[in-house]
């Protein structure tokens, strides 16, 4: 027989598993949150498309999964199509922003991990040259902090999106996630613009 634990105990006797957090969200590891952030753009675009096709349940389910939200316990707390669409106007730009750290990770793999394959040499004028090992270590070492920063940024964007999505499920969001979203999008535009002017 399954016994329901009192609210706030965090366990359910007889189930052998811990209950979710106060918001009903599962506890995700760092690596899984990175993966959730990396898929934010395609999931958000697909969710908006599902809304346009008259499938709000699909959009609701996809955003609940990627934003650590459990199923709504009551129909009153289940987000409607209008609220889902409003969230899409925030989630899609945030998904576009994740392309920046994702690009940093791809660049680290190509120009750091696989540097001798991408740049076959000679390395007489390269960092760490003229030996292949020295050039590889130099480029790997330079790219490592950028890759670590990219992972950290993906984690932060995931947490920001999860906080924003909580409002659809009736959780208090506050003003700072919206301010942080606007600031992050502005910084992303400036960074991309500066990078394009260097090409």
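Work out how much length residue 53 to residue 156 would gain on full extension: take 0.36 nm times their residue separation and subtract the Cα-Cα distance, in nm to one decimal.
Values: separation 103, 0.36 × 103 = 37.08 nm, distance 3.11 nm.
Net length gain for the segment: 34.0 nm.
Roughly speaking, what is the stretch gain from residue 109 to residue 195, that is 0.36 nm per residue apart minus the C-alpha to C-alpha distance, in nm to one decimal?
29.0 nm is the gain from fully extending residue 109 to residue 195.
So between residue 81 and residue 31, what do we pick up on full extension, going 0.36 nm a residue minus the alpha carbon distance?
14.9 nm
According to the square roots a ≥ b ≥ c of the eigenvalues of the Cα gyration tensor, what is the shape class of segment 132-199, taking rounded for a/c under 1.5, prolate for a/b larger than b/c otherwise, and oblate for the remainder?
oblate
Over the alpha-carbon set of segment 34-198, divide Rg by the Kirkwood Rh and report the Rg/Rh ratio to two decimals.
For segment 34-198, the value is 1.13.
Just so you know, all these numbers are worked out from the coordinates, no wet-lab data involved. Predicted model only: the values in this text are computed from it and were never measured.
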